[in-house]
Amino acid sequence: MTHPDFLWRNPDPKPAYDVVIVGGGGHGLATAYYLARNHGLTNVAVLERGWLAGGNMARNTTIIRSNYLWDESAAIYEHSLKLWEGLSDELDYDLQFSQRGVLNLAHNLGDVREGRRRVNANRLNGVDAEWLDADEVKKFCPIINVSDRARYPVMGATLQRRGGIAKHDHVAWALARQADAYGVDLIQGCQVTGFEITGGRVTAVETSRGRIAAGKVALAAAGHTSVLAERAGIRLPLQSHPLQALVSELLEPVLDCVVMSNAVHVYVSQAHKGELVMGAGIDAYNSYGQRGGVHVIEAQMAAALELFPIFSRVRVLRTWAGIVDVSPDASPIIGPTPVEGLYINAGWGTGGFKATPGSGWVYAHTLAHDRPHSLAEPFALDRFTTGALIDEHGAAAVAH
Ligand SMILES: Cc1cc2nc3c(=O)[nH]c(=O)nc-3n(C[C@H](O)[C@H](O)[C@H](O)COP(=O)(O)OP(=O)(O)OC[C@H]3O[C@@H](n4cnc5c(N)ncnc54)[C@H](O)[C@@H]3O)c2cc1C
């Protein structure tokens, strides 16, 4: 029984589960929730080595949008955005989901062409998208500097009005509460250290809290996926990088949309509480340290100040980093692995928060039916050997 004063129980692990999910971030929790809700599978555990949502889930800048270039990406991210639109009601929790509009700025002719192309591609896929010239950008977001004397002048922007932000920890807590209510065991402080594989099939996980037998094992460990997969003998095409973000001191409302710039490497929104939330590009080296270089933050703030001179006297309150799992085509990897019964959901890199419900939905389906959901099919691991890549570097670039 859920204790009335707590959002979820803290059970000890059982000796065996039908499905063991490794990683209690947004994707692991959403997968557990949809396994129970959509497929009636409740003999499920989520094993989290730290605390629920202590990884990227509560470190991201919460930008939600679906304006990716290729059909496959538009389909999965738009599916996710549609789920977001009903999620607060469904989970009975205020997720502070705010569709305030996302601008992707263009600063040179290449950006303009890419942005316009993407607007057209989005519309063909039923994703709302508009092209704004510099004057229209200024009208939509009056505090942006559109001077043509800027080092990277604003030449226009794509706008997705249905894009926006949500409050990440509320999302995690809401998913955890509902999964728990269905009977899913959420087990914190339980690190998966290895896999028992018999005759090519995974049969159990080894953990810091002992052996746990599993019918199926689903990795949802974001930046640590390749380390885990290696323990099952699988080498994944993923690199783990630090990705940094920061918040400012609290301000009165001053920015009511999300602004992203791939060229100057910054993205900014203002949280409900009042902080400016800003993200950077990835730190260039591989690391698991959850911290990054100061020069990256410095460059990010210089870019932000050029775009928003009005922020010049704002103080930084806090900076941090998460470890993101970047794939060669900037698209996720979802589906079975060469080990029977072992599945992966990874490679969301710098942009997986927006996918939280959509990813959980298709991963749960894939696990329940032992075959990929149609939206997940193009994101199979074998695309790196067949060559059927889904290159979203343009839409993902600085990310998100
Ligand atoms: C600074 C920053 C800004 C970002 N901004 C955005 C954004 O604006 N929009 C967007 O869409 N995305 C954004 N992202 C990306 C997004 O946060 C991730 O793609 C997404 O959160 C990954 O899925 P997750 O929530 O399940 O990951 P995580 O929350 O990282 O969950 C993985 C979990 O697995 C656990 N784990 C790892 N190894 C083990 C083990 N051996 N045993 C047990 N548990 C283990 C970890 O402790 C962790 O809790 C950003 C990321 C960062 C770091």
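The values are calculated or read from the model by the stated rules, or taken from the named source; none is laboratory data. Model, not experiment: these values are computed from the prediction. FYI the Cβ positions are ideal-geometry reconstructions off the backbone, even for glycines, and counts take in every protein chain you see. Side chains included, ligands, DNA and RNA excluded: accessible areas come from the protein's heavy atoms. Shrake-Rupley method; radii C 1.70, N 1.55, O 1.52, S 1.80 Å.
Looking across Leu103, Leu83, one residue alone is part of a strand (DSSP E or B), more than 11 Å from the ligand (Cβ to nearest atom) and not assigned by the TED database to the domain that holds Ile390. It is Leu103. Only a single criterion out of (1) more than 16 Å from the ligand (Cβ to nearest atom); (2) in a loop (DSSP other than H, G, I, E, B); (3) hydrophobic (A, V, I, L, M, F, W, C) is not satisfied by Ala302, namely (2).
In the set (1) within 9 Å of the ligand (Cβ to nearest atom); (2) not assigned by the TED database to the domain that holds Pro332, the condition left unmet by Leu251 is number (1).
Taken together, Gly289, Gly322, Gly293, Gly349 contain a single residue that is in the same structural domain as Val254 (by the TED database) and within 30 Å of Leu41 (Cβ to Cβ), which is Gly322. Exactly one residue out of Leu91, Leu105, Leu87 is touching a Ser or Thr at 6+ places or on another chain (Cβ under 6 Å) and in contact (Cβ under 8 Å) with a residue 24 or more places away in the chain, and it is Leu105.
Of the residues that make up the stretch 108-130, is at least one touching a His at 6+ places or on another chain (Cβ under 6 Å) and closer than 26 Å to Leu305 by Cβ? Looking through the stretch 108-130, none of the residues is touching a His at 6+ places or on another chain (Cβ under 6 Å) and closer than 26 Å to Leu305 by Cβ. Of the numbered conditions (1) part of a strand (DSSP E or B); (2) without any contact (Cβ under 8 Å) to a residue 24 or more places away in the chain; (3) of a type outside the set (D, E, K, R), His295 fails exactly one; give the number of that condition. For His295, the failing item is (1).
If I ask for residues that are away from the ligand (no atom under 14 Å from the Cβ) and either touching a strand residue (DSSP E or B) at 6+ places or on another chain (Cβ under 6 Å) or open to solvent by less than 60 Å² (accessible area, probe 1.4 Å) (or both), which ones from the stretch 258-272 would you list?
Within the stretch 258-272, Ala263, Val264 qualify.
Restricting attention to the stretch 214-228, the residues that are among the polar types (S, T, N, Q) and either surrounded by 22 or more Cβ atoms within 10 Å (Cβ to Cβ) or not assigned by the TED database to the domain that holds Leu381 (or both) total 1. Inclusion of Ala32 among residues that are away from the ligand (no atom under 16 Å from the Cβ), surrounded by 20 or more Cβ atoms within 10 Å (Cβ to Cβ) and part of a helix (DSSP H, G or I) is not warranted.
All of Asp5, Asp12 fail the test of being away from the ligand (no atom under 14 Å from the Cβ) and free of Cβ contacts under 8 Å to residues at least 40 places away in the same chain, apart from Asp5.
Within the stretch 106-163, being of a type in the set (Lys, Arg) and assigned to a loop (DSSP other than H, G, I, E, B) holds for Arg149, Arg151, Arg161, Arg162. Within the stretch 173-197, if we keep just the residues that are assigned to a loop (DSSP other than H, G, I, E, B) and open to solvent by 20 Å² or more (accessible area, probe 1.4 Å), the residue that is nearest to the ligand (Cβ to nearest atom) turns out to be Gln191.
The single condition among (1) open to solvent by 10 Å² or more (accessible area, probe 1.4 Å); (2) more than 9 Å from the ligand (Cβ to nearest atom); (3) not β-branched (Val, Ile, Thr) that Arg231 does not meet is (2). Being charged (D, E, K, R) and either crowded, with 21+ Cβ neighbours inside 10 Å or more than 12 Å from the ligand (Cβ to nearest atom) (or both): is that true of Arg211 here? Yes. Of all the numbered requirements in (1) surrounded by 24 or more Cβ atoms within 10 Å (Cβ to Cβ); (2) more than 22 Å from His373 (Cβ to Cβ), Gly50 misses one, and that requirement is (1). If you go through the stretch 336-387 and keep only what is of a type in the set (Ser, Thr, Tyr), open to solvent by 10 Å² or more (accessible area, probe 1.4 Å) and touching a Pro at 6+ places or on another chain (Cβ under 7 Å), you end up with just Tyr343. When Ala280 is tested against the conditions (1) within 12 Å of the ligand (Cβ to nearest atom); (2) among the small types (Gly, Ala, Ser); (3) at pLDDT 95 or above, the lone failure is (3).
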